[in-house]
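In what follows, a structure is listed as structure tokens, so that the remarks can point back to it.
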Amino acid sequence: MSDTKAAEECIRNAETLDAETDKILLELFDIGAVKFGNFTLKSGVQSPIYIDLRVIVSFPELLKSIAEKMYALVTKNGVKFDNICGVPYTALPVATVMSLLHKKPMVMRRKEVKKYGTKKIIEGIFKSGETCLIIEDLITSGMSVMETTGPLNDVGLKTTDVVVLVDREQGGAQNLKMRGITPHAVLKISSMLKCLLKHKRVDMELVERVVSFLQANQVVIKPEAEEKKSGKQTTKRGLSYAVRVDKCRNPAARKLMKIMAEKKTNLCFSADISDKKRLLEVVEAVGPHICMLKTHIDTLEGFDMDFAKKLRELADKYNFIIFEDRKYADIGNTVVLQYSKGIHRPVEWADIVNCHPLPGPGIVEGLKKDGGPAGRGLVLIAEMSSKGNLATGAYTDASVKMATDYPDFVMGFISMRKLCDDPGMIHMTPGVKLVSGTDGLGQQYRTPDLVLGEKLSDVIIVGRGIYKAENPGESALAYKKAGWNAYEKSL
């Protein structure tokens, strides 16, 4: 179905808002709580619509109207409850107003448990067995609601319903229903578009963009037996490699994604071999089964540009790209020289290189100076597979932010899992073997099923599992099949 027909069908099937809800939506639009344009979401995805409901705290009458509308909806739908809990933090003011106006007891969930005082995660007075209504401002995947129902259930409160101001219609409602939670939404994106189109706040072209975005960015979190046991959620990947080709803004990323789709492989071979002849022999054997060759060229004995030319010939012959695992980590001016000058000059023969984000954006700009015009790509080392590494938490978050600032050059991450929902970013995970374990030197091995099926990474990087095998070609084929099977099951 074309974008135009999909948008027309969306408007035709959308609910028509009543006068009161219509007024609330127009006020939200006028104060900038609902915006259209090009926005980078927390996940890193570029969205044509942005909803920021935090601003409603500055408009008391609107806040009151929203709280009343949400309360009226659950009353109309016959929802019975003893107390309420707002999902922190944006929904807390709405829950507070609702509690005051209707004299309903309120409890609060802490995002972090304090190390002093009562150390409670749920604050307030309640009885085990009571039913708590969840109040939320916005649902996309429904994950924030799930993160609230868990602690409430742990202290004995039942959670059967959630009332939300806006449902982005990206799968959140379905994800909650699968967990026995009934969502009640005052506004849905489709009904909002219909109303705003009627009032000439948006045009049909913009509606087409939003509908196309929503259809391409559905989030499905299916409960599995293990999930129910551990309390964790398993998210399915939303788009195939083939669909993601055109969503990549970096040419090297597009090339890699296309190769993966056409060759049906997500296997990167890490060629940690110091002998030139042996390296070429192994690459010749594994070439048909890989999408990417990863080199540590500074460990190779007797490197020259003639050898680099031979690698490029093999890459062209077997249709894979070359990734020089250089791990740049210096200031911009220095990495310009390391990348383009000296003995190795990776910019001349490697499709992609990687770097540590530690020096800041200057390192990306330095590598981009020569790499950008050459059509090369850069991968940021956001996480590592070795035990005790420091690439965690805020460092990883900052790496994702840096990538979103340079989407035409940064094409993805070295990571242990999917870090962002931008379909143009490729996640590559090292330390993969068919059987999990360690090597005694801190390397922790993960299986293809874990990396691709549960962690939703895109590429598995395998070294010793292939080049130390008796038959590297057969071993590469086994990893190719295991990786592709895990990928297909994750769709």
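The values are calculated or read from the model by the stated rules, or taken from the named source; none is laboratory data. Keep in mind the model is a prediction, meaning the values are calculated, not measured. In this analysis, Cβ positions are derived from the backbone assuming ideal geometry, glycine residues included, and neighbour counts consider all displayed protein chains. Surface areas here come from the heavy atoms of the whole protein model, side chains and all, with no ligands, DNA or RNA. Shrake-Rupley method; radii C 1.70, N 1.55, O 1.52, S 1.80 Å.
Around residue 476, under 14 Å between beta carbons, what's the net of Lys plus Arg minus Asp minus Glu among the other residues?
Charge balance in the 14 Å sphere: +4.
Do any trypsin sites (Lys or Arg not before Pro) in the range 444-491 lie in a loop, going by DSSP, with at most 14 other beta-carbon atoms within 10 Å of their beta carbon, and if so which? Don't skip to the answer; put the middle values down first.
Details: sites: 446, 455, 464, 468, 480, 481, 489; in loops: 455, 468.
Listed in order of number, the matching sites are 468.
At 1.4 Å probe size, with the rest of the protein present, what percent of the exposed accessible area of the chain is carbon and sulfur atoms?
About 51 percent, which is the carbon plus sulfur part of the accessible surface.
Would you list which aspartates and glutamates come within 15 Å of residue 103, measuring only between C-alpha atoms, while excluding same-chain residues fewer than 8 positions from it?
Within the straight-line cut-off, residue 103 pairs with 68, 82.
I need the calculated FRET efficiency for the pair residue 317 and residue 50, taking r as the beta carbon distance and R₀ as 60 Å, to the nearest 0.05.
Taking R0 as 60 Å, the efficiency between residue 317 and residue 50 is 0.80.
For residue 198 and residue 77, what is the calculated FRET efficiency with R₀ set at 25 Å and r taken between the beta-carbons, to the nearest 0.05?
That gives a FRET efficiency of 0.45.
Holding the Cα-Cα limit at 20 Å, pick out from 294/480; 64/177; 258/481 the pairs that are longer than that.
64/177
Roughly how many Å² is the accessible area per residue of the chain, as a whole number, for a 1.4 Å probe?
Accessible surface, normalised per residue, equals 46 Å².
By the scheme Lys and Arg +1, Asp and Glu -1, what is the net charge of all other residues having a beta-carbon under 14 Å from that of residue 362?
Numbers: positive: 368, 369; negative: 330, 365, 405.
Spelling it out: positives minus negatives among the neighbours equals -1.
Taking loop as defined by DSSP and a crowding limit of 11 other beta carbons within 10 Å, which chymotrypsin sites (Phe, Trp or Tyr not before Pro) in the range 1-107 fit?
Answer by residue number: 89.
Rank by packing, highest mean first: peptides 410-418, 336-344, 258-266, with packing defined as the count of other Cβ atoms within 10 Å averaged across residues.
Ranking the peptides 410-418, 336-344, 258-266 by packing returns 410-418, 258-266, 336-344.
What's log10 of I(q)/I(0) for the range 263-370 at q = 0.11, 0.16 Å⁻¹, Debye sum over Cα points only, no solvent?
For the range 263-370, the Cα-only Debye profile gives -0.35, -0.71.
Checking the table 120/327; 263/455; 194/418; 104/198 against a 32 Å threshold on Cα-Cα, which pairs fail?
Violating the 32 Å limit, Cα to Cα: 120/327; 194/418; 104/198.
Defining a contact as two alpha carbons under 8 Å apart and six or more residues distant in sequence, what relative contact order in percent does the chain show?
Details: 928 pairs, mean separation 56.3, N = 491.
The value is 11 percent.
Taking the highest mean first, how do the peptides 267-273, 94-100, 212-218 order by number of other beta carbon atoms within 10 angstrom per residue?
Per-residue Cβ counts within 10 Å, averaged per peptide and sorted highest first, yield 267-273, 94-100, 212-218.
Scan around residue 160 for amide H atoms under 5 Å from its own, H built in the peptide plane at 1.01 Å from N, and keep only partners 5 or more places away or cross-chain.
The answer is 132.
I want the antiparallel fraction of DSSP beta bridges within the chain, as a percent rounded to 5.
Here the antiparallel bridges make up roughly 20 percent for the chain.
Which of the peptides 354-367, 145-158 is most tightly packed, and how do the rest follow, judged by the mean count of other Cβ atoms within 10 Å per residue? If you can, show how the numbers build up before the last one.
Numbers: 354-367: 19.5, 145-158: 17.8.
My ranking of the peptides, most packed first, is 354-367, 145-158.
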